[in-house]
Amino acid sequence: MKNMKTNLLIVLFTTLLFACNNKENKTNIPQNKTADKSAESKNSSALNSPCDVISKEEVESMFKITEYPVEMKDVVYTYPTCVFKWEDGKIIKSVSFGGQEIKSTIPSEVLIVMVKNANEDMFKRSTSIYKQSEVIPNIGSTAVWDARMSQLTFLSNKFMFHVHVKVSTNATENKEKAIEVSKLIIGKI
């Protein structure tokens, strides 16, 4: 069940990222290769991963995680992605199977996908799949939240970020935290 949910999430993000993809803007980074951590400065041209922008300690502080271990992964699916997960039991999924309701907990998570050299057209294409989109003012040059996907996408300084936050069953709390993460990122790029 856990593998199925993880695979479903990966398929969802891969689909979203393919919508962002453009032949002129493809990166030369091999897919599914862990991003290389280097001691480069944190200016915009040196950013190779969203994990270069936000640390595990900042996530632990922002989400007030003290008693649960936070797993951090720096990976490249279609674009560089930083994944934070922790098992705090706050996310409960309910599924009906054979007439019975089955409840299970899934990890809380924050996924940040970074697209370099992004433009308005790429932003529009990638957010066109949002079914419940809501424009969020004062986040980069443009930002949209989708409650169904629990994701905020914004464009700022030729970067596009997809910030997926699922730390509560309450969509408003997830949106507020996604905005907070986005503002932190914008302050560093």
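The values are calculated or read from the model by the stated rules, or taken from the named source; none is laboratory data. Note that this is a predicted model, so its numbers are computed, not measured. Positions of Cβ are backbone-derived with ideal geometry, glycine not excepted, and every protein chain shown enters the neighbour counts. Note: areas computed on protein heavy atoms with side chains; ligands, DNA, RNA excluded. Shrake-Rupley method; radii C 1.70, N 1.55, O 1.52, S 1.80 Å.
Structure above, values below:
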quantity: Scan of segment 126-153 for residues that are among the charged types (D, E, K, R) and assigned to a helix (DSSP H, G or I), ordered by number; calculated: none
quantity: Residue among F161, F123 that is aromatic (F, W, Y), assigned to a strand (DSSP E or B) and touching a strand residue (DSSP E or B) at 6+ places or on another chain (Cβ under 9 Å); calculated: F161
quantity: Residues located in segment 67-119, provided they are open to solvent by less than 80 Å² (accessible area, probe 1.4 Å), under 30 Å from S141 (Cα atoms) and not hydrophobic (A, V, I, L, M, F, W, C); calculated: D74, Y77, T78, Y79, P80, T81, K85, S108, E109, K116, N119
quantity: Every pair of residues 6+ apart whose Cβ atoms lie under 8 Å, when the first sits in segment 126-140 and is closer than 20 Å to K183 by Cβ while the second is open to solvent by less than 20 Å² (accessible area, probe 1.4 Å) and of a type in the set (G, A, S); calculated: V135/A143; I136/A143; P137/A143; I139/S156; I139/S182; G140/S156; G140/S182
quantity: Residues satisfying the stated conditions in segment 141-166, i.e. open to solvent by 20 Å² or more (accessible area, probe 1.4 Å) and in contact (Cβ under 8 Å) with a residue 60 or more places away in the chain; calculated: N157, K158, K166
